[in-house]
Amino acid sequence: MEKDYVATDLSCYDNSWYHPGRGALVRSLWFLFNALFFINPLNPSSGIKVRLLRLFGARISTGVVIKPGVNVKYPWNLEVGPHSWIGEKVWLDSLAPIKIGAHCCLSQGVVIMTGNHNYKQPTFDLLVKEVVLEDGVWLGAGSMLAPGTCCRSHSVLSLLSVASGELEAYSIYRGNPALKVRERRAKN
């Protein structure tokens, strides 16, 4: 029985179709500011980070807290709703839009990916899909979201878990791949 195996040939890789937005000068300036003020843990000022993100095209609402060591690929692809928190060493790989709702918490070390590669093609083509976090989502420390993931209202992704697809509203997910383990209910 013959199988259809694909041999990767990175010498043929071509992502010339992908345009990250803004010109080369703006992207270069952003990479400089990102290294100096976001990735650099010596800058603890959330206010400065919010203003710089807005300057580079991010749509950041009021009351947003950004901790030290945060890395943002392209701020013009980032939208953050009011009173959301972005924890230490969060990596927002915003090749495509990342939309974070109101009152969301991204704990330390969270990774949100919007890009991947098509392993079924020998050219290993770039794939990009937006990620959406609706209001009240909590991503536990060290958790990861794959491109195209949608976390519905008040869903929770537990510590070190990996999610793709859709997380149901008011549900708690755990593991790799993340599976629903219970509903998120208020304690009276």
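Here are some notes:
- HN-Hα J in Hz across the stretch 83-93 - Karplus 6.51, -1.76, 1.60, θ = phi - 60°, x for Gly and Pro: 6, 9, 10, 10, x, 3, 6, 6, 10, 9, 8
- Interchain or long-range residues, amide H under 5 Å from Val70's placed H: Lys89, Val90
- Note that the stretch 76-81 has calculated 3J(HN,Hα) couplings of 5, 9, 10, 10, 10, x Hz, one per residue in order, obtained from phi through the Karplus relation 6.51 cos²θ - 1.76 cosθ + 1.60 (θ = phi - 60°); glycine and proline are x.
- Amide H to amide H distances under 5 Å link Tyr173 with Val156, Leu157, Ser158, Val181, where only residues 5 or more positions off or on other chains count and H is placed in the peptide plane.
- 3J(HN,Hα) from dihedral phi, the stretch 166-181, Karplus parametrisation 6.51/-1.76/1.60, rounded to Hz, x for glycine, proline: 10, 9, 5, 4, 6, 10, 10, 10, 8, x, 9, x, 5, 10, 5, 10
- Ranked packing of 30-39, 129-138, 58-67, 177-186, most packed first, by mean Cβ within 10 Å: 129-138, 58-67, 30-39, 177-186
- Close Lys pairs in the chain (alpha-carbon distance under 18 Å; sequence gap of 8 or more, or different chains): 11.
- Using the rule -39500 (n - 2.57) for each DSSP H run of four or more residues, divided by the residues of the chain, the 222 nm mean residue ellipticity is -3000 deg cm²/dmol.
- Estimated FRET transfer efficiency (Ile48, Val6; beta-carbon r; R0 30 Å; 0.05): 0.05
- Mean accessible surface per residue for the stretch 43-126, computed with a 1.4 Å probe while every protein chain stays in place, in Å²: 41 Å²
- Isotropic mean projected area of the C-alpha convex hull, the stretch 26-88 (nm²): 3.5 nm²
- Value of Rg to Rh for the stretch 1-116, rounded to two decimals, is 1.09; Kirkwood radius and Rg both from alpha-carbon coordinates.
- Coarse-grained scattering of the stretch 76-132 at q = 0.13, 0.26, 0.28 Å⁻¹, given as base-10 log I(q)/I(0) from a Debye sum over alpha-carbon atoms: -0.38, -1.03, -1.12
- With semi-axes defined as the square roots of five times the eigenvalues of the C-alpha gyration tensor, the equivalent ellipsoid of the stretch 47-188 measures 22, 22, 12 Å, largest first.
- Amide H contacts of Ile60 (H built 1.01 Å from N, under 5 Å, at least 5 apart or other chain): Val80
The values are calculated or read from the model by the stated rules, or taken from the named source; none is laboratory data. In this text the structure is predicted, and so the values were computed from the model without any measurement. Note that we place each Cβ from the backbone using ideal geometry, even for glycine, and neighbour counts take in every protein chain shown. Heads up: the accessible areas ignore ligands, DNA and RNA and are worked out on the full protein's heavy atoms, side chains in. Shrake-Rupley method; radii C 1.70, N 1.55, O 1.52, S 1.80 Å.
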